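Student: Below is the structure I would like to discuss, written out as structure tokens.
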Amino acid sequence: MITWVTMLVLAAGVFGQRLAGMVAVQPDALPDRWRAALDAIPLAIIAAVIALQTLSTAGSLTVDARAIGVAAAGVCLWLRLPLAIVVVVAAATTALVRLAA
Amino acid sequence: MKGMAWPGRLPLAPPAGSQLTWGELLTIAATYFSVGAAAAVVLVNGGTDRWIVIASAVLINAVTTQLAYLAAIDAGGSSWVAIVSGWLVATRFGLLALAVGPRLWPRGWRRAVAAFNVFDPNAAIAAREEDDDTARRVFTVTTLFLVPPWFVGSAVGALLADRLGDPQLLGLDAVLPALLLAIIWPRLATAAGRRVALGAALIAAALVQVAPGGVPVIAAVAAAGLVWLPERRP
């Protein structure tokens, strides 16, 4: 459980990191080469978060209903379906696979 | 600073000339509402006071931090171990701020507000715009469709936790990865984008069992360097 004190300590640390990131780079002094790599950082982070949220539980690799749900979302994206449908299909597929298991 | 502020109100619709769509905005709102509600149920069921759950949604403003803290405590860790693991998973927000910060507001109170509200989707959506002014606008409007629904969802989840049951039964844990996949999907059309995404996913998956929580994602940032590989000419 989270207490008021731990909550405030967590909040301070999270905001501090966000702010530190935001002030770390001076925009004017950025060569194009670094800008291209900076632009790719969100892509790298989000791909990593997707992999972990799909394939891991509490620090161990697991393949379960979520993986099938997210794969179904990938098929929807490949078919160029609207985003709302992509997300609903992911949740419904995951729920149905769990129900069947 | 000319061109840094808007003449009128905050943008509440996809800015003209941006890649952002209404479908994305509304799905982000619905997703973060459900993610907030689902996480709040988990936290309340884990013994956290419901008012702390609501306050921490607003003040920590990072769901993975709350859940990482809880996971570390459940695994028998001390408060400090759990706090550090909560901080570590939020390091990615610092790195996202590092990546998009130079394109948003270089100084002043707007920079602090933007920093507080850096999430995965708004950073990724800002990063895919070529023009800095458009990046600022899409960041703002995405944040407005993300953070308030997340607060409301957290409050609903915290107050109704006893009646909502197990969020996993509805498959809600697949909603956020599916949304994030959709957001990066256009960037997977290029070979460089695919290299970065696949490299990052492999690094994270390879490290998840051996490194503390948060570290696999930080290490995956190295995959951003794959944009520097020369393109193959056909």
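Student: Looking at B:Val58, B:Val63, which one is closer than 25 Å to B:Pro212 by Cα and in contact with a helix residue (DSSP H, G or I) (Cβ under 8 Å, 6 or more places away or on another chain)?
Tutor: Exactly one residue qualifies, and that residue is B:Val63.
Student: If you don't mind, there's one more thing I want to ask. Could you identify the single residue in B:Val81, B:Val58, B:Val89 that is more than 7 Å from chain A (Cβ to nearest Cβ), under 13 Å from the mean Cα position of the chain (by Cα) and not basic (Lys, Arg)?
Tutor: B:Val89 is the lone residue from the list that is more than 7 Å from chain A (Cβ to nearest Cβ), under 13 Å from the mean Cα position of the chain (by Cα) and not basic (Lys, Arg).
So that you can scan it fast, the table gives a plain yes or no per residue for (1) surrounded by fewer than 23 Cβ atoms within 10 Å (Cβ to Cβ); (2) in contact with a Lys or Arg (Cβ under 7 Å, 6 or more places away or on another chain):
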| position | (1), (2) |
| --- | --- |
| B:Leu144 | yes, no |
| B:Val147 | yes, no |
| B:Ala158 | no, yes |
| B:Leu170 | yes, no |
| B:Leu176 | no, no |
| B:Leu179 | no, no |
| B:Leu202 | yes, no |
| B:Ala205 | yes, no |
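Student: Looking at the range B:24-110, what helices (runs of 4 or more DSSP H) fall wholly within it and have at least 1 residues that are buried (at least 20 other Cβ atoms within 10 Å of the Cβ) and charged (D, E, K, R)?
Tutor: In the range B:24-110, B:79-100 are the helices (runs of 4 or more DSSP H) which contain 1 or more residues that are buried (at least 20 other Cβ atoms within 10 Å of the Cβ) and charged (D, E, K, R).
Student: If only one of B:Phe139, B:Phe119 is more than 8 Å from chain A (Cβ to nearest Cβ), under 19 Å from the mean Cα position of the chain (by Cα) and within 15 Å of A:Gly16 (Cα to Cα), which one is it?
Tutor: So the residue among B:Phe139, B:Phe119 that is more than 8 Å from chain A (Cβ to nearest Cβ), under 19 Å from the mean Cα position of the chain (by Cα) and within 15 Å of A:Gly16 (Cα to Cα) is B:Phe119.
Here is a yes/no grid of residues against (1) within 8 Å of chain A (Cβ to nearest Cβ); (2) surrounded by fewer than 22 Cβ atoms within 10 Å (Cβ to Cβ):
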position	(1), (2)
B:Ala155	no, yes
B:Ala161	no, yes
B:Ala191	no, yes
B:Gln209	yes, yes
B:Pro216	yes, no
B:Ala220	yes, no
B:Gly225	yes, yes
B:Pro230	no, yes
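Bear in mind that the values in this text are calculations on the coordinates, not laboratory data. Treat the numbers as computed from the prediction; the structure is a model and nothing was measured. For neighbour counting, all protein chains shown are included, and Cβ atoms are generated from backbone atoms with ideal geometry for every residue, glycine included.
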